[in-house]
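Right, one structure below, let's go through it.
Each value in this text was obtained by applying a stated rule to the coordinates, not by laboratory testing. Note that this is a predicted model, so its numbers are computed, not measured. Note that each Cβ is placed from the backbone with ideal geometry, even for glycine, and that neighbours are counted across all protein chains shown.
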Amino acid sequence: MLIRVSEDTKEITRKIGIIFILITAIQLYRLIYLLGNQNNNENYFNGDSAESLFILSWQIIVIFLAYSISLMYNKRLITELNTQEKKFSKAFHTTPFITILSKISDGKVFEVNNSIEEIAGYKASDLIGRKASDLKLWKNEKDREQFITTLLKNKIVKEHEYEFKKANGDCFSGLISAQIITINEEQCMIASVNDISIRKEAEQKLIESQESLRELNATKDKFFSIIAHDLRSPFNGIIGFTELLKSEVQESNYDGILEYAEIINSSSHHAMDLLTNLMEWTRSQTGRIAFHPKMVVIDDVIKETLTLFETLTEQKNIKVTLNLHIKTEQYVDQSMIEAILRNLISNAIKFTPNEGNLIISSIENENEFEIAIADSGIGIKEKDISNLFKIDNTHSSLGTNNEVGTGLGLILCKDFIDYHQGHISVKSTVGLGSTFTFSIPKKNVPAL
């Protein structure tokens, strides 16, 4: 009672130990007294003053002993209760997610842990005595109503994902779990909200990484496909027709020479276009393409690029109309703009029938300039438009005169437009034609 006890109970047990020492002293006194008075009257009611003093002392000590033992047990119960309360409080306030205790009857919060300040920006004192709904913790009120309905019906909710609001108005994703419990004979709700914003961000990055890997694999597959098939085919045609041409010359048969030469010329141009696009696309994908913007007159670039296709437009008797309205120089990479225009104009001519129309327009807005290439060609199906700029699902068709495409032109256009932080769009109706429009934001010329 005096030594082998814990510090928190030593104060009360020391008193009981002292009482036991007094009991021992009184018993020793009585033993010595009895040994010294052998003929002592054993009748307590007729005893002498010493016997009366013993009886009185004994009764007082027994009363003190019973009272002290009662205090000791009460003290121990209170200590254990405080210990459990400290453990609960420590666990409650150190959990890494928001934990709230509220009454079912009025919805008022009577306990909330400190994580609410770290996660949501609210102080615990902001919620005590108030309804959680008053603070607009839920992004969507219908979600809160759905959650309460489910909880009252099932008495428990486990890890339902909802959007919650912070004190500053920002939103975060959280998994909420809740259960109805009884505290002091009153139904209460204990709810915890685990902030999963970091996990959601990691999941999104993983999805983006998977998408990037998928695109890289598609790029690799497309590259090998071009090398193995698309690039080989025109050269096979050239080799085959040069062998025929050689044979015809040796036999002095000149009737088909012009036709063969035209086919060889066409195949050579296609191979050259494919090699050019392939080279530029490869450099773009590997980050080795040089981006050198300078002040350029866009309308002049359009006119110069269009001269490359005069022979083709004359062969198909296509009427070309220019509506050019960019009056100032623009800060762009001229080579990339030329490549974009070459591919878009080439496609428009390829898919426009004989005696069709080609309209090239340019307009200058306050923050950007816009160029549109519209044709009266065969058009594009709605389901194919979404695949026009995807390397993993390229769309390529024969032209109106069976012209062959490279399958890379539009993808290259999008890459070069992305370099300029612009965007490209398509509007098309089958049988009526297509319009490809790209816009590029204006940029200030850096100081020299």
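Descriptive notes on the structure:
- Charged neighbours of Glu117, selected by a Cβ distance under 13 Å, balance to -1 (K, R count +1; D, E count -1).
- For the stretch 110-197: rounded, prolate or oblate by the Cα gyration tensor [a/c cutoff 1.5]: oblate
- For Ser197 and Ser133, the difference between the fully extended length at 0.36 nm per residue and the C-alpha to C-alpha distance is 20.9 nm.
- Shape category assigned to the stretch 65-118 from the gyration tensor of Cα positions, a/c cut at 1.5: oblate
- Cα-Cα over 18 Å, subset of Lys108/Lys136; Lys15/Lys86; Lys103/Lys142: Lys15/Lys86; Lys103/Lys142
- Phi angles of the stretch 141-152 translate, via the Karplus equation with coefficients 6.51, -1.76, 1.60 and θ = phi - 60°, into HN-Hα couplings of 4, 5, 5, 5, 5, 5, 5, 5, 4, 5, 5, 5 Hz per residue; Gly and Pro are given as x.
- Sequence-ordered 3J(HN,Hα) estimates for the stretch 189-194 from the Karplus curve with 6.51, -1.76 and 1.60 and θ = phi - 60° stand at 10, 10, 10, 10, 10, 9 Hz, glycine and proline given as x.
- Estimated FRET transfer efficiency (Lys153, Leu175; beta-carbon r; R0 25 Å; 0.05): 0.80
- The Ile257 and Asn354 beta-carbon pair, evaluated with R₀ = 25 Å, returns a calculated FRET efficiency of approximately 0.45.
- FRET efficiency, Glu85 to Tyr419 (Cβ-Cβ, R0 56 Å, nearest 0.05): 0.30
- Distances between placed amide hydrogens fall under 5 Å for Phe110 paired with Leu101, Ser102, Lys103, Gly129, all partners being 5 or more residues away or on another chain.
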